Amino acid sequence: MMVTFEGRFTESSALRMAIVIARFNDLVTNKLLMGCLDCLQRHGIDTSDKSSQLDIAWVPGSLELPLVTQSLARTGQYDVVITLGAVIRGDTPHFEVVVAEASKGIATVSRDTGVPVIFGVLTTDTMQQALERAGIKSNLGWNYALQALEMGSLMRELHKK
Ligand code: INI
């Protein structure tokens with residue numbers, strides 16, 4: 001019989017998660033974090049300081065996201081990791097390098113460790129565009145959190161099989 005695997009949003013409170021967040025452009029990344037935490041909390045995740053479900057690691061910039069994500073994923077303590085960063089072309093002559101290294105690195109960590117890692121790095125031409133996606137219009141932090149809940153749940157389903 002055919003099996004359909006799908007992530008659910010009804011058992012999120014059982015997931016263990018980490019967020020790895022870049023300080024660079026923290027005007028933007030802090031807002032992404034707020035959106036992310038709001039979504040997680042509304043899906044039953046304990047986001048308080050005493051939480052045993054959620055850990056947060058700060059790194060200097062998006063280039064450091066893959067290493068710290070790898071380190072956390074390898075502990076085996078997390079169902080899913082969310083990375084948050086903001087790379088803005090206007091300020092960054094080496095924009096392409098930062099984006100390419102961060103995205104490749106994060107994808108590699110996910111495949112190597114088997115832990116889903118959400119790529120929550122905004123890549124925009126201007127600070128204005130980044131702020132619009134971090135709360136002025138909508139907050140993509142919310143979307144990244146939803147994607148994390150879906151992937152964490154989906155991988156649990158697959159592992160049961
Ligand atoms: N890091 C970012 O997260 N966003 C940027 O826009 C950015 N710029 O502009 O350079 C950036 N650079 C820092 C980089 O990620 C590293 O932290 C740094 O090179 C030290 O390794």
- Message: Against the condition in contact (Cβ under 8 Å) with a residue 12 or more places away in the chain, under 27 Å from Gly7 (Cβ atoms) and hydrophobic (A, V, I, L, M, F, W, C), how does Ala130 come out, does it pass?
- Response: no
- Message: I'm trying to understand the selection: among the residues of the stretch 107-141, which are among the acidic types (Asp, Glu) and loosely packed, with under 14 Cβ neighbours inside 10 Å?
- Response: Asp112, Asp125
- Message: For the stretch 41-61, check the following and say yes or no: at least one residue is outside any strand (DSSP E or B) and within 16 Å of the ligand (Cβ to nearest atom).
- Response: yes
- Would you be able to say whether some residue in the stretch 94-106 is of a type in the set (D, E, K, R), in a helix (DSSP H, G or I), exposed (fewer than 13 other Cβ atoms within 10 Å of the Cβ) and within 14 Å of the ligand (Cβ to nearest atom)? yes
- Task: Could you please find all residues in the stretch 142-156 being of a type outside the set (Phe, Trp, Tyr) and either surrounded by fewer than 19 Cβ atoms within 10 Å (Cβ to Cβ) or under 10 Å from the mean Cα position of the chain (by Cα) (or both)?
- Result: Asn143, Ala145, Leu146, Gln147, Ala148, Glu150, Leu154, Met155, Arg156
- Task: Please tell me if Arg74 is modelled with pLDDT under 95 and touching a helix residue (DSSP H, G or I) at 6+ places or on another chain (Cβ under 7 Å).
- Result: no
- Please find, among Gln147, Gln129, Gln77, the residue that is of a type outside the set (Lys, Arg) and in a loop (DSSP other than H, G, I, E, B). Gln77
- Can you run down the residue pairs with Cβ atoms below 9 Å, 6 or more apart or on separate chains, where the first is in the stretch 15-37 and over 11 Å from Gly141 (Cα atoms) and in a loop (DSSP other than H, G, I, E, B) and the partner is among the hydroxyl-bearing types (Ser, Thr, Tyr) and at pLDDT below 95? Arg16/Ser52
- Item | Selection from the stretch 51-63 of residues that are surrounded by fewer than 16 Cβ atoms within 10 Å (Cβ to Cβ) and modelled with pLDDT of 95 or more | Trp58, Pro60
- If Val87 satisfies every condition in (1) within 14 Å of the chain's Cα centre (by Cα); (2) buried (at least 21 other Cβ atoms within 10 Å of the Cβ) but one, which is the exception? (1)
- Can we say Leu72 is closer than 25 Å to Phe9 by Cα, within 13 Å of the ligand (Cβ to nearest atom) and touching a Phe, Trp or Tyr at 6+ places or on another chain (Cβ under 9 Å)? no
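The values are calculated or read from the model by the stated rules, or taken from the named source; none is laboratory data. Source: prediction; values computed, not measured. A quick note on method: Cβ atoms are made from the backbone with ideal geometry, for glycine too, and the neighbour counts reach across all protein chains shown.
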